[in-house]
1. Separation between the residue 168 and residue 37 pseudo-spin-labels, each 7 Å from Cα along Cα→Cβ, expressed in nm?
2. At 1.4 Å probe size, with no ligands or nucleic acids counted, give the accessible surface of residue 120 in Å², nearest ten.
3. Could you sort out which of 34/105; 74/165; 34/143; 148/197; 46/143; 126/148 sit more than 31 Å apart by Cα distance in this structure?
4. Convert each backbone phi in region 92-100 into a coupling constant with the Karplus relation 6.51 cos²θ - 1.76 cosθ + 1.60 (shift: θ = phi - 60°), then list the ³J(HN,Hα) values in order as whole Hz, x for Gly and Pro.
5. Per residue, how much accessible area does region 38-194 have with a 1.4 Å probe, in Å²?
6. To the nearest 10 Å², what's residue 73's accessible area with a 1.4 Å probe?
7. Would you mind telling me the share, in percent, of accessible area of region 38-194 contributed by carbon and sulfur at probe 1.4 angstrom?
8. Quick one: net charge around residue 126, please, counting Lys, Arg +1 and Asp, Glu -1 for every other residue with C-beta under 11 Å from its C-beta.
Amino acid sequence: MKYALLAGTAAVFSLLAFQPQTHAEDASACTFTKAQDDFEQPDIDKLYECVKDQMKESYGKQGHEIGSIYTTWKVTATGPANPGTHGNRFLLTYANDIAFDEYVKYQDEGNFSMPVGSILAKESYKIDKEGKPRLGPLLIMTKLEAGKAAEYGDWLYSGVNPAGKEFKISQSFCHDCHGLFEDQDSLGYPDFDVRLKAQ
Ligand code: HEC
């Protein structure tokens, strides 16, 4: 008992002692020498720690209606996947309460449609040539009432750039690709490696 208490106290002190040091080292800790394609789980996690708060602040800094609240929603994957050779950005998608349960079934049989009012918001970032994290836009899909945007699967595509401003996009640009996921209500879903297990 006494030892457990002592060990506990020591752990608290070492945490306190460690805190200022990690802050002082932030800049170099967030410079990566490995190529993005070679990232393994610890690198992916470390990079996410570097960008997490920055994204929340950036997308929300102009009070954007989704950019300023999406981090209060649930995350739809265990974490960002390694983009590998398929794309150059790390991605992590949040779902609002209306969307979450349906989305994380990752359905692909074609006979379903996400509930009206579903919102999915996807963070994006990468490593630049200097090995430093670089934020991309927060990409958003909102499910509209049936018939409101039939040619785009009744999805409204939008985004917020890292300055917190509306990211200008063309509905057809986004849907030309998303529409290919025709049995998935136009959803791409996270990489298999990071999907949540059935709950
Ligand atoms: C070249 C194909 C392509 C284009 C173009 C594209 N996306 Fe995606 N999108 C994907 C894929 C693939 C995924 C799933 C990847 C992942 O999350 O790991 C995805 C995921 C998403 C998600 C998370 C929900 C989901 O589908 O699972 C959102 C939100 C999103 N995209 C928004 C957009 C917006 C907004 C645009 C237009 C600016 C856009 N996308 C353009 C392929 C595309």
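1. It is 3.4 nm.
2. 10 Å²
3. 34/105; 34/143; 148/197; 46/143; 126/148
4. In residue order, the calculated couplings are 8, 9, 9, 10, 6, 4, 5, 8, 3 Hz.
5. Accessible area per residue: 54 Å².
6. Estimated to the nearest 10 Å², residue 73 gives 40 Å².
7. The C+S portion of the solvent-accessible surface of region 38-194 is 49 percent.
8. +3
The values are calculated or read from the model by the stated rules, or taken from the named source; none is laboratory data. Predicted, not measured: the structure shown is a model, and the values here were computed from it. As a convention, Cβ positions derive from the backbone with ideal geometry for all residues, glycine included, and neighbour counts pool all protein chains shown. For accessibility, only protein heavy atoms count, side chains too; no ligands or nucleic acids. Shrake-Rupley method; radii C 1.70, N 1.55, O 1.52, S 1.80 Å.
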